[in-house]
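The structure appears below as structure tokens.
The values are calculated or read from the model by the stated rules, or taken from the named source; none is laboratory data. Model, not experiment: these values are computed from the prediction. Here the Cβ is made from the backbone with ideal geometry for all residues, glycine too, and neighbour counts use every protein chain on show. Areas reflect the complete protein model, heavy atoms only, side chains present, ligands, DNA and RNA absent. Shrake-Rupley method; radii C 1.70, N 1.55, O 1.52, S 1.80 Å.
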Number of protein chains: 2
Amino acid sequence: MNLTAAEENYLKAIYHLSDGASKSVSTNDIAAEMKTKPASVSDMLRKLGEKEVINYRKYYGVNITPEGKKLALQTIRKHRLWEVFLVEKLNFAWDEVHEVAEELEHIQSPLLIQRLDAFLNYPKFDPHGDPIPDEFGDVKARPRIPISEMEIDQSGQIVAVKDSSAAFLRYMDKVGAYIGARVKILDKVEFDGSVEILVDQKKSIFMSKDVASNILAVQS
Amino acid sequence: MNLTAAEENYLKAIYHLSDGASKSVSTNDIAAEMKTKPASVSDMLRKLGEKEVINYRKYYGVNITPEGKKLALQTIRKHRLWEVFLVEKLNFAWDEVHEVAEELEHIQSPLLIQRLDAFLNYPKFDPHGDPIPDEFGDVKARPRIPISEMEIDQSGQIVAVKDSSAAFLRYMDKVGAYIGARVKILDKVEFDGSVEILVDQKKSIFMSKDVASNILAVQS
DNA sequence: TTTTGGGTTTAGGTTAGTCTAAAAATAAGT
DNA sequence: ACTTATTTTTAGACTAACCTAAACCCAAAA
């Protein structure tokens, strides 16, 4: 099954909106996500339905099919591998990679992706800490919780941020937090939920609850 | 000036057909090169003319403008940088890179190309020995001659092949010749023009005139 | 100088992806 | 259950890039 770049983008959006499950997604939501008009979405849904990558019943939203899910995960895999490449090899900053990866992900060449994966040493997570599906679409999921929900004295590793806006990523950089950092909860303020964490056993950072709930970690 | 992928491809073709100069090129030739129909070419020429990257006078062929030449060289630069990447970093073979580079060259990101260039250590030639234009469109040209035209005992370095078909590139690999190899002419047979060369001061290769005139070298 | 043939352009049609405006279906409130 | 509000779809139009078939230009040969 071959999809155009636009079809790949819609499918990816549908996959994301259905939280990776086959939850039903509305036309309006897709239009918002894709920054197109609902009319354009209807058109595209008909096409994707015909290609059987989604189940489409007029007026009732769509569900992604197993086939569609596999294709969406392929695109996500490509996107995230390119992000790793851009950050690790070409020294892009976190907040510069998305647009470019959005273009690179549509290059059609299984061999390219296979070789890129090897070149990058088979990374399991992208620079934002999101897992990279393998070539069969399998994802190594780790239970990730916001550090605002960890207990005092618990340790873990930062693996992702929820809001990966440029502003937030710059904040992360500035305070010295980063994906992969080992952290330990030093203190939590009951009153406002702010927390103090120790990064890499040396640097202590104090942050508001808002910030802390934006940073996801796996416990260890 | 922003060009679509198709426009970039046409411009590149026109540039190639005019031998890098502003020689006039015919609609039919462009159609052949692009594997499209003459009618489609006419359409495109009108558009490129309006964008002033070519001078287009109906029925009289086209000339590339200085602006067009600069854009064509940008695309060629991107194509060749990606080829270097594919061969040197991802271990692609010579004959596997073209199609993929053809897609990659259309990614729009000056920063990406800048960083890629640095990552590859500012290469001056692609894996086929063709020169990589710099960001201003300047090309380091070296006088290249087929090794069939070198004299006995002359030395040089292989920098390109004329016919870079998969078959020929495989032949090169097989006999141990490659872009960058230092060669010396050991013998030339008057009768049929075949030559014997010494590669890297150790391996001797015997080849027909046909083959020898396909391999370009710079003398040293 | 007129004919003829090859190259080139125009006319009109197709597909992908988008849009606006209007119609239709569903959902919600009384 | 009926009317209204919201969501969704259709209808019709646009652009980019292609196509085929027909018309057109130009130049070379008779």
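Both radii come from the Cα set of the range B:145-219: Rg as radius of gyration, Rh as Kirkwood radius; their ratio Rg/Rh reads 0.91. Charge tally for A:Asp210 (other residues, Cβ to Cβ under 12 Å; Lys, Arg +1; Asp, Glu -1): 0. For the residues A:Phe85, A:Phe191, A:Phe136, a GNM of chain A with alpha-carbon springs under 10 Å puts the largest fluctuation on A:Phe191. On a per residue basis, the range A:1-72 carries 58 Å² of accessible surface, using protein heavy atoms and a 1.4 Å probe. For the options A:Lys35, A:Lys124, A:Lys12, a Gaussian network treatment of chain A with springs between C-alpha atoms closer than 10 Å singles out A:Lys35 as fluctuating the most.
If you count only protein heavy atoms with a 1.4 Å probe, what accessible area per residue comes out for the range A:145-219, rounded to a whole Å²?
53
Converting phi to 3J(HN,Hα) with the Karplus coefficients 6.51, -1.76 and 1.60 and the offset θ = phi - 60°, the range A:147-162 yields 5, 5, 9, 7, 8, 4, 6, 6, 10, x, 9, 5, 10, 5, 10, 6 Hz in sequence order, with x at every glycine or proline.
Computing Rg and the Kirkwood Rh from the Cα coordinates of the range B:5-64 gives a ratio, Rg/Rh, of 0.90. Take A:Asn2, move 7 Å from Cα toward the beta carbon, and the resulting point lies 2.7 nm from the same point in each other copy, nearest first.
About the Cα centre, and with charges only on the beta carbon of Lys, Arg (+1) and Asp, Glu (-1), how big is the dipole of the range A:5-64? Nearest 20 debye, please. Don't jump to the answer; show the numbers that get you there.
On the way: 9 positive and 8 negative charges, 35 e Å.
The dipole of the range A:5-64 has a size of about 160 debye.
When the alpha carbon gyration tensor of chain A is reduced to an equivalent ellipsoid, its three semi-axes come out at 35, 21, 15 angstrom, largest first.
Take A:Asp134, move 7 Å from Cα toward the beta carbon, and the resulting point lies 4.8 nm from the same point in each other copy, nearest first. Solvent-accessible surface, computed for protein heavy atoms with a probe of 1.4 Å, shrinks by 20 Å² or more for the following residues of the range A:63-106 when the other protein chains are added to the isolated chain: A:Trp82, A:Phe85, A:Lys89, A:Leu90, A:Phe92, A:Glu96, A:Val100, A:Glu103, A:Leu104.
Could I get the Rg over Rh figure for the protein assembly as shown? Both from C-alpha atoms, Rh via Kirkwood, rounded to two places. The partial results should precede the final answer.
Working: Rg = 27.4 Å, Rh = 25.7 Å.
Reported Rg/Rh, Kirkwood definition of Rh: 1.07.
When shorter helices are ignored and each DSSP H run of at least 4 residues is given -39500 (n - 2.57), the per-residue value for the protein assembly as shown at 222 nm works out to -12000 deg cm²/dmol.
Carbon and sulfur together cover what percent of the accessible area of chain B at a 1.4 Å probe radius? Please list the in-between numbers first.
On the way: 5690 of 11470 Å².
Ligands and nucleic acids excluded, carbon and sulfur reach 50 percent.
Hey, how many Å between the Cα centroid of the range A:187-206 and the Cα centroid of the range B:97-156? Centre-to-centre distance over Cα atoms comes out at 52 Å.
I'd like the interface area for chains A and B: accessible area of each alone minus the complex, both sides summed, 1.4 Å probe, protein heavy atoms only. What is it in Å² to the nearest 100?
Counting protein atoms only, the buried area is about 1700 Å².
If I take every Cα pair under 8 Å that is 6 or more residues apart in the range B:5-64, average their sequence separation and divide by the length, what percent do I get for the relative contact order?
Working: 61 pairs, mean separation 20.7, N = 60.
Here the relative contact order equals 34 percent.
Couplings for the range B:197-202, taken from phi via the Karplus curve 6.51 cos²θ - 1.76 cosθ + 1.60 with θ = phi - 60°, read 10, 10, 9, 6, 6, 9 Hz in order; Gly and Pro are left as x. Using only alpha carbon pairs under 8 Å that are at least six residues apart, calculate the relative contact order of the range B:30-89 and give it in whole percent. Contact order relative to length: 17 percent. Computed from backbone phi, the HN-Hα couplings of the range A:68-81 come to x, 4, 4, 5, 4, 5, 4, 5, 5, 4, 4, 4, 6, 5 Hz, rounded to whole numbers (Karplus: 6.51 cos²θ - 1.76 cosθ + 1.60, θ = phi - 60°; Gly and Pro given as x).
With the contact rule set at Cα under 8 Å and sequence spacing of 6 or more, what percent relative contact order holds for chain A? About 15 percent, as a whole number.
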